[in-house]
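Novice: Here you go, one structure.
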Amino acid sequence: MRAFVVAGPRESAVIEVDAPVAAAGQVVVDVHRAGICGTDVEFFSGEMAYLHQGHAHFPLRLGHEWMGVVSSVGVGVDPTWVGRRVTGDTMLGCGRCRLCLTGRQHVCHDRFEIGIRGGWPGALAEQLPVPVTALHALPDSVDDTAGALVEPGGNAMRSVRAAGLEPGAPVLVLGPGTIGLLTALIAAADGLEVHLAGRRQASLDFARGIGVAHTWTLDALPDVPFDAIIDCTSGVDIPAQAVQRVEPGGRVVLVGLSGSPSLIDTRDLALKDVTAVGILSASPGLAETIAHYADGRVDPRPIVGGTVGLDQVGAALAGEPIPGVSIGPKIHIDPRT
């Protein structure tokens with residue numbers, strides 16, 4: 001089968017590799033759609049921390065936002081999975097440790113991450129092996145585009161839930177990228193008063209165009225008592241600013257990651273009685289995200305700027321313009337084209 005492979009920093013190609021065979025407890029998925037994420041860009045550039053921590057090594061097969069159709073199953077897997085439209089969890093725990101046994105497989109010390117950690121091949125390929133325990137079936141009302149947005153949506157869902165707000169409460173979302181936009185859309189669907197801030201006016205204009213009512217540049221935030229601030233940026237200085245800006249007794253949710261350590265003065269946390277919450281992975285939020293997409297409470301599809309084939313992945317990761325792709329922050333790949 002064809003797969004996109006990164007051999008080293010900014011060295012990539014689409015090549016023929018062995019097609020996966022479903023091992024016991026696994027299925028093989030024919031990938032219909034895969035999203036390109038900021039994590040993929042960091043791997044492509046060689047900057048991703050996992051490369052330097054020993055959790056990942058070149059060559060890499062990227063892609064962790066995906067949907068497809070089950071084409072075969074391994075021993076011990078219900079054969080009725082064949083032909084079903086699915087997406088799945090990125091985080092594959094060992095299944096034996098205390099964390100896995102208490103529902104926290106997404107932070108298992110020995111986990112694989114599809115297309116990210118431990119050498120598990122990713123979805124920027126024609127086929128993908130997945131443990132059946134990681135699968136989530138997609139209803140017909142969630143099309144292929146929305147299905148491949150379940151994983152980033154799960155991160156956004158968990159971020160909104162971590163804010164712990166009642167309908168009508170003001171929340172500030174920082175960063176109008178994919179996670180920030182999905183966070184804003186989910187928060188609005190929950191009845192929160194959503195404000196979205198960023199640096200680039202074009203991104204804020206795009207956000208308004210898909211229904212985010214209150215958008216601001218970071219240097220012109222309104223005098224609103226934000227009960228929670230959700231940081232979806234990679235800005236090294238943003239977490240500290242969020243702690244300083246949030247209302248006393250409020251919450252700061254950290255789902256974005258900077259390339260270098262972000263410093264927070266813990267006196268600001270303690271003296272304002274602020275709760276800071278970190279979010280790693282979509283895992284506990286996947287099912288609720290599918291439900292929000294399925295019943296129309298959230299339509300994530302407008303954030304996708306275009307869908308292209310495997311041969312355009314390298315250009316997309318390099319940030320090069322691609323014919324037919326508009327200004328939406330997310331690019332999708334259809335490996336069948």
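Read the figures in this text as sums done on the coordinates, not as results from a lab. Small disclaimer: the values here were computed from a predicted structure and weren't measured. Counting neighbours? That spans all protein chains shown, and the Cβs are built from the backbone with ideal geometry, glycine included.
Novice: Would you mind finding the longest exposed-site-free stretch of the chain, with exposed trypsin sites (Lys or Arg not before Pro) meaning DSSP loop and at most 12 other Cβ atoms within 10 Å?
Specialist: 201-337
Novice: With runs of 4+ DSSP H residues as the only contributors, calculate the mean residue ellipticity of the chain at 222 nm using -39,500 (n - 2.57) per run, divided by the residue total and rounded to the nearest 500.
Specialist: The helix contribution divided over the chain gives -6500 deg cm²/dmol.
Novice: Another question about this same structure. Just want to confirm a number: the relative contact order over the chain, from Cα pairs under 8 angstrom separated by 6+ residues, in percent.
Specialist: Dividing the mean separation by the residue count of the chain yields 18 percent.
Novice: Further question: How compact is the chain by the rule of thumb for globular proteins, expressed as Cα Rg over 2.2 N^0.38 Å?
Specialist: 0.98
Novice: How are the alpha carbon pair distances in the range 156-278 distributed across 10 Å bins from zero to the largest one, expressed in percent?
Specialist: Each 10 Å bin holds this share of Cα pairs: 15, 50, 32, 3.
Novice: On a full-extension model of 0.36 nm per residue, what is the gain between MET1 and HIS57, subtracting their alpha-carbon distance, rounded to one decimal in nm?
Specialist: 18.0 nm
Novice: Which far-off residues, 5 or more places away or on another chain, put their amide H under 5 Å from the one on LEU62, with H placed in the peptide plane?
Specialist: Under 5 Å from the amide H of LEU62: VAL6, GLY122, LEU124.
Novice: 5 Å is the cut-off here: which amide hydrogens, built 1.01 Å from N in the peptide plane, fall below it relative to HIS136, excluding neighbours closer than 5 in sequence?
Specialist: The answer is THR87, GLY88, ASP89.
Novice: Separate question: Hand me the GluC sites (Glu not before Pro) from the range 23-65 located in a DSSP loop with no more than 14 other Cβ atoms within 10 Å, in residue order please.
Specialist: Hits after loop and neighbour filter: GLU47.
Novice: Give me P(r) over the range 1-66, computed from all C-alpha to C-alpha distances, binned every 10 Å, as integer percentages.
Specialist: Here the calculated profile for the range 1-66 is 18, 47, 31, 4.
Novice: Can you tell me the dipole magnitude for the range 173-290 around its Cα centre, using point charges on the Cβ only (Lys, Arg +1; Asp, Glu -1), in Debye to the nearest 20?
Specialist: 240
Novice: So what's the range 26-132 giving for Rg/Rh, alpha carbon basis, Kirkwood Rh from the mean inverse pair distance?
Specialist: 0.99
Novice: Turning to a different aspect of this structure: Non-local amide H neighbours of ARG33 (under 5 Å, H modeled in plane, Pro and chain starts lacking H): which ones?
Specialist: MET67
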